[in-house]
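Let me begin by presenting the structure, written as structure tokens, before commenting on it.
The values are calculated or read from the model by the stated rules, or taken from the named source; none is laboratory data. Remember, it's a predicted structure, so these values are computed and weren't measured experimentally. Note: ideal-geometry Cβ built from the backbone for every residue, glycine included; neighbour counts use all protein chains shown.
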Amino acid sequence: MPLPDRGRLREYAVKGGHLAARQVASTPEQRRARRLAGEAPPEPGDGPSVAILTPRDWTAHVQWEAMIAQALRLRGARVEFLTCGGGLEVCDRANTWEGPPMPCTSCTRYVEDSVDAHGFDRTSLRDGWERDDPGAWDELDEVSLAALRDVVGDDGLPYGRLTEIPVKWFLMRASSHDDPLAPSTWRAFLRSARRIAAGVEAALDRIRPDVVLLCNGLFLFEAVTWELCRRRGIDVVTYERGFIKETLVFRRGAPACLTELHDLWPRFADAALTPVEEARLDDYLDARRHGRRTIDRYWDDARFDAPERRGSGRLVTLFTNLTWDSAVIGKERAYPSIQAWIVAAVEAFAARPDHELVIRLHPAEVKLPGKWTREPMADVLRKHFPTLPANVRVVEPEDPTSSYPLMEASDLGLVFTSTTGLELALAGVPVIVAGETHYRGKGFTVDVSTPEEFVAALDAALDDPGQFAPDPQVARRYANLFFFAAPVPSPGVEEHVPGLARITVEHLDELAPGRHPGVDRICDGILHGGDFLAPVVAPVVGGAPSRSGRRGVPVAVGTR
Amino acid sequence: MTTPVSIVLPTLDEREHITDCLDSLLAQDYPAIAEILVVDGGSNDGTRDLAARHGDPVRVVPNPKVTAAAAMNVGIAAARSDVIVRADAHTLYAPDFVSRCVEVLEHSGADVVGGPMRPVGTTAYGRAVAAVTSSPAGIGPGRFHYADEAQDVDTVYLGTYRKDVVTEVGGYDEDTLQWAAEDQELNYRLRRRGRRIRLDPSIRSEYFPRQTVRALWRQYYNYGLCKASTLNKHRRLPSWRPLAPAAMVAGAAGLGVAGAAARRPLLVAAPVLAYVAGAGVVALRLADRPGVAPHRALGALSVCHWAYGLGFWAGVGRMLTGRPFDTRPRKGR
């Protein structure tokens, strides 16, 4: 077992220090939170009531939510937190490599201590389900795995459907029929979901919020809470990390994690980028190419080797996703699964030996510590093709060869829902999209909906890729919306070490109305139904005026 | 013509597992499964009702003697087919499990065939147990725990055989063995009769091992008793290698007593320290597997070794004092 490198050891040491400080509620962010709480208005406001669901000790999320709460309180909102309280059989705080048992003691302690440090009231869901415990749900033992997705509780909640994505995420694989862990895990999630529902019902009865803020929208606590809010007609706002570090994406009534921008795109599709926006996008794409400013960094030592062309046919690259990513589950379009699509692509190239297919397996399959996939795409390929066709080759997930030279050398790209499809288009490479991804239908990809359409588009593109060449300007406008305009700079919190958070606000008035455009956007969206887009700003000096006049430059977090 | 088979599944309070187990057996691609006999030893948790609810070809048969050995004999007697597939409720079966069993039985020339025991942990500790129990260092010589090539072996997990092969040696021993010793002891008798036992990794199933320290301790302590009961019955052992944990316990106890008598604390601590050092190295290697923490692997390894060794000596004690072995579990599995 090799020792971790020096950087990783330093990270472990810092985390060890934080872990110790957590035991006495004295992490740096908790100490800073206490100081900020001392500057908060003494009396609760009479504005809208906002409930924030904060069930897990995901540090950055806890602090983001708390800082949003501080900003909302400064705007007169009454804010209360819903925490878990611990004691569930299983949840998605951890994954199957880590639990069960779940780390309830440490998780609950951090969440509750942090909320207390920020000076907010909190309600534990556990109090609710313990008062009216729905029990062990023995009837689940009679339900076969294939029917677990259809389980509906006595209360009418579709628990099976609500737990489908959390279970897949927890198990780190999408197919359950051949997973020995799936039946018992799914039943455990169903039992947990029913208890969560009891806790949320009790909390909503008491708080009666006007709006509920929750992370992602598809995870266990969040899916159940959202469903209950929907029934009660309570407004729900979701948020998730943006693709650029220290940014967040917010959506009202839709899961933010899917980064679907259909409603916003018409306002951006025809608006040319300003030179500043052009330069900002180029800077970011260059940083991204080298693994900087992204939320997941896979390589410290990426190799930028140009791919070798073998033969005179077209070079086509296929980029995979994680099978259990929420960007894939339920996003099937041309094929019933991403696995079926990959198999179809290889079969198509077996029948077209003059052309070459390179399959780039997603590095996240192996490169995220503690999140190794249990459903590697390489296994799918091995199962269906004991020997791959001679014109098909695979770049393994652990291969540090950068995908960017591969994209740029390609005549054609194939994606299911991967964001590499957007990047291919930005590089001027035609892309065939088989899944329901966020950039589908935006005018710069070839979107197919059936296997026949896929094969027909593939043949046409192999014959003359130029006919499908994307309009790079359209792709860049979408990239600007996706990477910059829609996301909001995170409100006074940075993730200086993966898994830890640092509050960057010195005084609470930095979050006051008019002081921080990002915070204004967030609060305006939550309290007044705003669209979370950048505020209207004057054209940037030296840049061409924006036709839409909607976009502005991002504001650094914590600046006055 | 496809050979019909009967699957015999002993159960006792298996509510948590029975639905998934039967689902995997009912999903077999083998077209000639005549029946799945759920031979139940008096479950109180609704196992029988859950099994019966599946309907044909599942049939629930009572097992008044409770134990798995008796269940197998009841099942074999009740079976309509000549070929018996032994099953376990804590196991999920690959869709081609039965067809591979029949294929290997018919073409290998062996009398008993089976696949490796592939443990799957459902908890953090369970994953450590799975790692330990599928490692030669954790489990000793049972190749069905870790072999990945087809080969003749001493014993296999579960087992598929023709009915008469087992009945001609008197079936499973219900009366003299410590419970849970029945499979290995039967295979021992079969080998002594010149029968061949074949392990084939293409016969795939996944087994849920014990998930807590207490349950693992009880299981391995019982395995030690099982080995002693086999020794008691045959006055010899199928293999001497499982005696390593017993030797370790005896050695540690001997040095401990000697050290205490000589007032040499180092002598008392030496075997424990040596064990921790050796087992620690093994645990670090096992922790290469995803989701296996080295401290849990060390704990599981220690439980397997020490419980087994102590159980064996407890069994030897029973042999020497004439106290009978427990032919049925005192309280659950």
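Residues in the range A:395-412 that are under 17 Å from residue A:470 (Cα atoms) and touching a strand residue (DSSP E or B) at 6+ places or on another chain (Cβ under 8 Å): A:407, A:409, A:410, A:411, A:412. Residue count for the range A:436-455 under the criterion of being buried (at least 20 other Cβ atoms within 10 Å of the Cβ), closer than 17 Å to residue A:473 by Cβ and either of a type outside the set (Phe, Trp, Tyr) or without any contact (Cβ under 8 Å) to a residue 24 or more places away in the chain (or both): the result is 2.
Tell me, please, whether a residue that is farther than 30 Å from residue A:35 by Cα, assigned to a loop (DSSP other than H, G, I, E, B) and either among the polar types (S, T, N, Q) or away from every other protein chain (no Cβ under 14 Å) (or both) can be found in the range A:111-124. Checking the range A:111-124: not a single residue is farther than 30 Å from residue A:35 by Cα, assigned to a loop (DSSP other than H, G, I, E, B) and either among the polar types (S, T, N, Q) or away from every other protein chain (no Cβ under 14 Å) (or both).
Evaluating residue B:74 against the criteria (1) crowded, with 21+ Cβ neighbours inside 10 Å; (2) in contact with an Asp or Glu (Cβ under 6 Å, 6 or more places away or on another chain) leaves one unmet condition, (2).
Yes/no per residue for (1) farther than 16 Å from residue A:242 by Cβ; (2) touching a Pro at 6+ places or on another chain (Cβ under 7 Å); (3) assigned to a loop (DSSP other than H, G, I, E, B):
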residue	(1), (2), (3)
A:422	no, no, no
A:470	yes, yes, yes
A:475	yes, no, no
A:478	no, no, no
A:496	yes, no, yes
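Any residue that is at pLDDT 90 or above and among the acidic types (Asp, Glu) - is there at least one of those in the range A:464-482? The answer is yes; a qualifying residue exists. Please tell me if residue A:139 is under 27 Å from residue A:370 (Cβ atoms), within 14 Å of chain B (Cβ to nearest Cβ) and acidic (Asp, Glu). Judged against the criteria, residue A:139 is not a match. Residues considered: A:99, A:47. Of these, the only one that is in contact with a strand residue (DSSP E or B) (Cβ under 7 Å, 6 or more places away or on another chain) and at pLDDT below 95 is A:47.
Does the range B:20-36 contain any residue that is within 21 Å of the chain's Cα centre (by Cα), more than 14 Å from chain A (Cβ to nearest Cβ) and assigned to a helix (DSSP H, G or I)? Taking every residue of the range B:20-36 in turn, none turns out to be within 21 Å of the chain's Cα centre (by Cα), more than 14 Å from chain A (Cβ to nearest Cβ) and assigned to a helix (DSSP H, G or I). Of all residues in the range A:173-217, those satisfying the criterion of being under 24 Å from residue A:248 (Cα atoms) and at pLDDT 95 or above are A:209, A:210, A:211, A:212, A:213, A:214, A:215. Of the listed requirements (1) within 14 Å of chain B (Cβ to nearest Cβ); (2) at pLDDT below 95, residue A:132 misses just one: (1). Looking only at the range A:318-328, decide whether some residue is over 18 Å from residue A:437 (Cα atoms) and among the hydrophobic types (A, V, I, L, M, F, W, C). No, the range A:318-328 contains no residue that is over 18 Å from residue A:437 (Cα atoms) and among the hydrophobic types (A, V, I, L, M, F, W, C).
Residues checked against (1) of a type in the set (Gly, Ala, Ser); (2) surrounded by fewer than 19 Cβ atoms within 10 Å (Cβ to Cβ); (3) without any contact (Cβ under 8 Å) to a residue 60 or more places away in the chain:
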{"site": "A:363", "(1), (2), (3)": "no, no, no"}
{"site": "A:393", "(1), (2), (3)": "no, yes, yes"}
{"site": "A:409", "(1), (2), (3)": "yes, yes, no"}
{"site": "A:418", "(1), (2), (3)": "yes, no, no"}
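If the condition is being assigned to a helix (DSSP H, G or I), farther than 24 Å from residue A:68 by Cα and among the acidic types (Asp, Glu), then the range A:1-57 contributes only A:11.
The rows are residues; the columns are (1) surrounded by 14 or more Cβ atoms within 10 Å (Cβ to Cβ); (2) in contact with a Cys (Cβ under 7 Å, 6 or more places away or on another chain); (3) over 30 Å from residue B:45 (Cβ atoms).
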residue: B:263; (1), (2), (3): no, no, yes
residue: B:281; (1), (2), (3): no, no, yes
residue: B:294; (1), (2), (3): yes, no, yes
residue: B:300; (1), (2), (3): yes, no, no
residue: B:321; (1), (2), (3): no, no, yes
residue: B:325; (1), (2), (3): yes, no, no
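Against the test of being free of Cβ contacts under 8 Å to residues at least 60 places away in the same chain, under 26 Å from residue B:95 (Cβ atoms), touching a Ser or Thr at 6+ places or on another chain (Cβ under 6 Å) and in the same structural domain as residue A:88 (by TED's automatic domain parsing), the options A:182, A:146 yield a single qualifying residue, A:182.
Give the range B:108-128 a look and list any residue that's more than 14 Å from every other protein chain (Cβ to nearest Cβ) and either touching a Ser or Thr at 6+ places or on another chain (Cβ under 9 Å) or crowded, with 24+ Cβ neighbours inside 10 Å (or both), or say none.
B:112, B:113, B:114, B:115, B:116
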